[in-house]
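Participant: Below is a structure I'd like to ask you about.
The values are calculated or read from the model by the stated rules, or taken from the named source; none is laboratory data. Owing to the predicted nature of the structure, the values given are computational and were not obtained by experimental measurement. Methodologically, a virtual Cβ is constructed for each residue, glycine included, from the backbone with ideal geometry; neighbour enumeration extends over all protein chains shown. The protein model used for the area step is the full one, side chains on, heavy atoms only, and it has no ligands, DNA or RNA in it. Shrake-Rupley method; radii C 1.70, N 1.55, O 1.52, S 1.80 Å.
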Amino acid sequence: GNSVTQMEGPVTLSEEAFLTINCTYTATGYPSLFWYVQYPGEGLQLLLKATKADDKGSNKGFEATYRKETTSFHLEKGSVQVSDSAVYFCALIPINSGYALNFGKGTSLLVTP
Amino acid sequence: SQTIHQWPATLVQPVGSPLSLECTVEGTSNPNLYWYRQAAGRGLQLLFYSVGIGQISSEVPQNLSASRPQDRQFILSSKKLLLSDSGFYLCAWSVAGLASLETQYFGPGTRLLVL
């Protein structure tokens, strides 16, 4: 089946620290991969996506590269800010197979001044 | 630009009462529409999706139903709520087409507490 595994956290970092949130997946074929962010009390916002191997998604200083050989889509940011505190969800949707986004359990990030 | 609205934002309902949550999308036509639930300890799960007016597909068996009476309106309902229906309900839309290539955009959500 299709599944996403990500570190659950919470992850606590100081402002300007480097961030990595690991995400690995299991899927038939080559899925599209996404990172969504959920700020406290809000819905999910798309952060970035990649639809094929070796694609790099980027937005607001965040980056993730679709690695087929390691079935991974790790999220990175070089220098986090307090405003980046949120829950981050890795997700996939399999190619030609249904409409459901398969989400990881989410990683809570707290950035302290 | 496209926007998605959900209401109410928060709802507290007794067990056995009915439910109606509404979602509307603006700025696009013939979108795919989705209802997800985010329950404590169970992550995000797709409940229903719709590719057109009156076309509803259910992903999991449950106490809820969905309807799409208009192109950009998606309603989630229940005749009798259960305690296990508590959670955060998220509506989403995407451009019609191959689901794996189209991004799903989420609304602000409705927090439902069943007591």
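Participant: Select from the stretch A:68-113 the residues that are out of contact with any strand residue (DSSP E or B) (no Cβ under 9 Å at 6 or more places or on another chain) and within 26 Å of residue B:91 (Cα to Cα) and write down the one among them that is surrounded by the most Cβ atoms within 10 Å (Cβ to Cβ).
Facilitator: That would be A:97.
Participant: So if I check each of B:52, B:43, which one is within 11 Å of chain A (Cβ to nearest Cβ) and not hydroxyl-bearing (Ser, Thr, Tyr)?
Facilitator: Just a single option satisfies the conditions, and that option is B:43.
Participant: Considering the stretch A:33-67 alone, what residues qualify as being aromatic (Phe, Trp, Tyr), surrounded by 14 or more Cβ atoms within 10 Å (Cβ to Cβ) and assigned to a loop (DSSP other than H, G, I, E, B)?
Facilitator: A:66
Participant: How many of the residues making up the stretch B:11-30 are modelled with pLDDT under 95 and within 30 Å of residue A:3 (Cα to Cα)?
Facilitator: Matching residues across the stretch B:11-30 total 1.
Participant: Also, quick follow-up: Can you tell me which residue within the stretch A:7-42, out of those that are charged (D, E, K, R) and within 11 Å of chain B (Cβ to nearest Cβ), is nearest to residue A:104 (Cα to Cα)?
Facilitator: Top of the filtered list is A:8.
Participant: Would you list the strands (runs of 3 or more DSSP E) that sit entirely within chain B and hold 2 or more residues that are touching a residue at least 40 places away in the same chain (Cβ under 8 Å) and open to solvent by less than 60 Å² (accessible area, probe 1.4 Å)?
Facilitator: Here the list reads B:3-7, B:10-13, B:19-26, B:32-39, B:43-52, B:73-78, B:87-94, B:110-114.
Participant: Now for a separate question. On the given criteria, is residue B:50 farther than 30 Å from residue A:5 by Cα and of a type in the set (Gly, Ala, Ser)?
Facilitator: no
Participant: Can you work out which of the residues in the stretch A:48-105 that are among the polar types (S, T, N, Q) and within 14 Å of chain B (Cβ to nearest Cβ) is farthest from residue B:47 (Cα to Cα)?
Facilitator: A:59
Participant: Still on this structure, I have one more. Filter the stretch A:15-32 for residues that are open to solvent by 50 Å² or more (accessible area, probe 1.4 Å) and aromatic (Phe, Trp, Tyr); which is nearest to residue A:99 (Cα to Cα)?
Facilitator: Step by step, filter the stretch A:15-32, then rank; the result is A:30.
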